[in-house]
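Peer 1: The structure under discussion is supplied below as structure tokens; questions concerning it will follow.
The values are calculated or read from the model by the stated rules, or taken from the named source; none is laboratory data. Source: prediction; values computed, not measured. Neighbour counts are summed over all protein chains in view; Cβ atoms, including those assigned to glycine, are modelled from backbone coordinates with ideal geometry. Calculation scope for accessible area: heavy atoms of the full protein, side chains included, ligands and nucleic acids excluded. Shrake-Rupley method; radii C 1.70, N 1.55, O 1.52, S 1.80 Å.
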Amino acid sequence: MEANITERRRQTRSSIYRYLYETKEFCSRQSLSLALGLSLPTIYQNLTELMDGGLVCYSGETQSTGGRKANGLSIVPDARIAVGVSITENRLRFVAADLRLNELAYRKVPCRFSSNISDYGAFLARELELFLEESQIDHGRLLGIGIAVPGAITSGGHHIVLAPTLGLRDTDLEELTRQIPYPIFVENDATSSGYAEWFIRGGQSSIAYLSLENGVGGAVMVNGAAYAGDNRRSGEFGHMCVEPGGLPCSCGRHGCLEAYCSARRISDDLGITLKEFFDGVENHVWEYELLWNDLLRHLAVGISNIRMALDCNVVLGGFLTQYLAPYLPLLKRYVAVNDPFAKEIDYIQLGVLSRHAVPLGAALHFVQEFLSTV
Ligand SMILES: [Zn+2]
């Protein structure tokens with residue numbers, strides 16, 4: 001009985017907090033009472049608790065409601081902070097984010113990944129402490145550390161099944177995270193960035209996220225959760241065949257999307273940086289234009305296959321995407337050729353989190369956990 005009452009009170013407080021978190025409108029005690037069907041004394045009591053806990057504050061706005069001025073209310077975004085870490089073969093990235101996934105601090109550490117995972121774990125723990133110190137993160141507000149790795153991991157996040165770029169196979173993650181004294185969550189990197197892009201778009205129920213970096217990967221987000229598949233290999237768009245018998249791929253087969261559309265294809269084939277490549281494309285360097293056109297045509301095949309299978313928006317992310325905007329109309333024309341349904345290709349979107357989507361998505365795990373338990 002007592003427990004039921006406590007739980008009911010928590011749910012009421014939670015519904016008030018969630019409403020303030022989600023609403024874009026001006027919000028006062030009166031409008032909360034109307035919207036949630038709760039009495040003013042109940043609203044007042046719960047707001048007092050939320051304000052005492054530092055989670056809600058007056059927004060500084062006022063609005064007139066029938067002669068009286070009502071004070072606006074809002075959540076306090078940095079009442080809690082989550083940290084995201086992205087591990088790749090040649091760098092570590094840290095990001096601190098508030099409850100709205102605003103970036104509060106960022107740090108990049110160039111370093112080679114070491115297959116001596118316990119040594120690397122100690123290095124990671126030290127660099128994390130440095131980041132927290134430098135960014136003056138209050139430990140009392142820290143929710144946890146999300147870690148994104150470029151590999152397939154088991155559902156509990158305790159084990160790496162395979163991470164080719166890190167040279168890991170069947171590896172226990174305990175070794176990596178043991179020396180970090182905060183709550184930890186480990187996720188695949190493409191799933192993390194897909195999660196962040198889904199969240200920041202607010203309201204889109206499902207997206208397919210296609211990440212274009214040195215590897216090509218992705219994630220399928222359905223109603224705010226990653227669709228993992230039976231073997232946690234859903235969203236492996238990089239190894240969809242787009243040209244049977246075509247270019248060799250890192251997976252050992254031929255004709256995969258990754259073989260055609262990875263950033264590595266540009267840097268390895270031509271031995272130049274992406275910036276140099278796109279400057280060349282813009283200046284009509286014939287060889288560069290030819291490669292870029294071939295990449296776009298195969299990307300279009302990949303995108304239309306994803307669209308045919310999932311019938312949702314396809315969000316393009318990863319560092320190659322920062323150069324894509326001028327070529328989006330051409331890419332859409334190529335996609336239109338393969339799409340028997342759409343009159344207009346309005347389902348391709350460019351990622352908005354640009355280069356920090358991976359660590360932000362890792363941090364997002366703890367933000368969502370907090371929002372579901374507040
Ligand atoms: Zn492949």
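Peer 1: Sort through 235, 246, 255 and tell me the only one that's at positive phi, modelled with pLDDT of 95 or more and within 15 Å of the ligand (Cβ to nearest atom).
Peer 2: Residue meeting the stated conditions: 255.
Peer 1: Now for a separate question. Would it be correct to say that residue 109 is modelled with pLDDT under 95, open to solvent by less than 20 Å² (accessible area, probe 1.4 Å) and touching a helix residue (DSSP H, G or I) at 6+ places or on another chain (Cβ under 7 Å)? Spell out how you get there, then give the answer.
Peer 2: Values: modelled with pLDDT under 95: no; open to solvent by less than 20 Å² (accessible area, probe 1.4 Å): yes; touching a helix residue (DSSP H, G or I) at 6+ places or on another chain (Cβ under 7 Å): yes.
The answer is no for residue 109.
Peer 1: Could you tell me how many of the residues in the stretch 258-278 are away from the ligand (no atom under 16 Å from the Cβ) and over 24 Å from the mean Cα position of the chain (by Cα)?
Peer 2: Here is the first cut: in the stretch 258-278, the ones away from the ligand (no atom under 16 Å from the Cβ) are 266-267, 269-278.
Within this subset, residues satisfying the condition of being over 24 Å from the mean Cα position of the chain (by Cα) are 266-267, 269-273, 275-278.
Residues flagged as away from the ligand (no atom under 16 Å from the Cβ) and over 24 Å from the mean Cα position of the chain (by Cα) within the stretch 258-278 amount to 11.
Peer 1: Right, another one. Does any residue in the stretch 112-134 that is in contact (Cβ under 8 Å) with a residue 24 or more places away in the chain and closer than 15 Å to residue 173 by Cβ come within less than 7 Å, Cβ to Cβ, of a residue that is open to solvent by 70 Å² or more (accessible area, probe 1.4 Å) and part of a loop (DSSP other than H, G, I, E, B) six or more places away or on a different chain, and which pairs are these?
Peer 2: Partner pairs satisfying both residue conditions: 121/178; 121/179; 122/179; 125/179.
Peer 1: Consider residue 62 against the criteria (1) part of a strand (DSSP E or B); (2) in contact (Cβ under 8 Å) with a residue 24 or more places away in the chain; (3) of a type in the set (S, T, N, Q): it satisfies all of them except one. Which criterion is unmet?
Peer 2: Among (1) part of a strand (DSSP E or B); (2) in contact (Cβ under 8 Å) with a residue 24 or more places away in the chain; (3) of a type in the set (S, T, N, Q), the lone unmet condition for residue 62 is (2).
Peer 1: May I pose another question? Filter the stretch 33-80 for residues that are out of contact with any Ser or Thr (no Cβ under 9 Å at 6 or more places or on another chain) and among the hydrophobic types (A, V, I, L, M, F, W, C); which is farthest from residue 182 (Cα to Cα)?
Peer 2: Of everything passing the filter in the stretch 33-80, 34 is farthest from residue 182 (Cα to Cα).
Peer 1: Shifting gears a bit: State the number of residues belonging to the stretch 67-92 that are over 28 Å from residue 53 (Cβ atoms) and open to solvent by 10 Å² or more (accessible area, probe 1.4 Å).
Peer 2: The total comes to 5.
Peer 1: All but one of (1) within 14 Å of the chain's Cα centre (by Cα); (2) open to solvent by 10 Å² or more (accessible area, probe 1.4 Å); (3) more than 26 Å from residue 143 (Cβ to Cβ) hold for residue 202, so report the exception by its number.
Peer 2: Every condition holds for residue 202 apart from (3).
Peer 1: Here's a follow-up. Collect the residues in the stretch 306-325 that are out of contact with any strand residue (DSSP E or B) (no Cβ under 9 Å at 6 or more places or on another chain) and closer than 18 Å to residue 262 by Cα, keeping them in residue-number order.
Peer 2: Once the filter is applied, which keeps residues that are out of contact with any strand residue (DSSP E or B) (no Cβ under 9 Å at 6 or more places or on another chain) and closer than 18 Å to residue 262 by Cα, the stretch 306-325 yields only 323.
Peer 1: Among 218, 224, which is the only one that is within 16 Å of the ligand (Cβ to nearest atom) and not aliphatic (A, V, I, L, M)?
Peer 2: 218
Peer 1: Hand me the list of helices (runs of 4 or more DSSP H) wholly inside the stretch 245-363 holding 1 or more residues that are in contact (Cβ under 8 Å) with a residue 40 or more places away in the chain, open to solvent by less than 70 Å² (accessible area, probe 1.4 Å) and not assigned by TED's automatic domain parsing to the domain that holds residue 149.
Peer 2: 257-261, 263-270, 274-282, 286-310
Peer 1: Among the candidates 145, 207, 184, single out the residue that is in the same structural domain as residue 304 (by TED's automatic domain parsing) and either buried (at least 19 other Cβ atoms within 10 Å of the Cβ) or within 22 Å of residue 82 (Cβ to Cβ) (or both).
Peer 2: From the options 145, 207, 184, the qualifying one is 207.
Peer 1: Do we find that residue 75 is of a type in the set (Val, Ile, Thr), more than 30 Å from residue 152 (Cβ to Cβ) and touching a residue at least 40 places away in the same chain (Cβ under 8 Å) in this structure?
Peer 2: Yes; evaluated as a whole, the condition is true for this residue.
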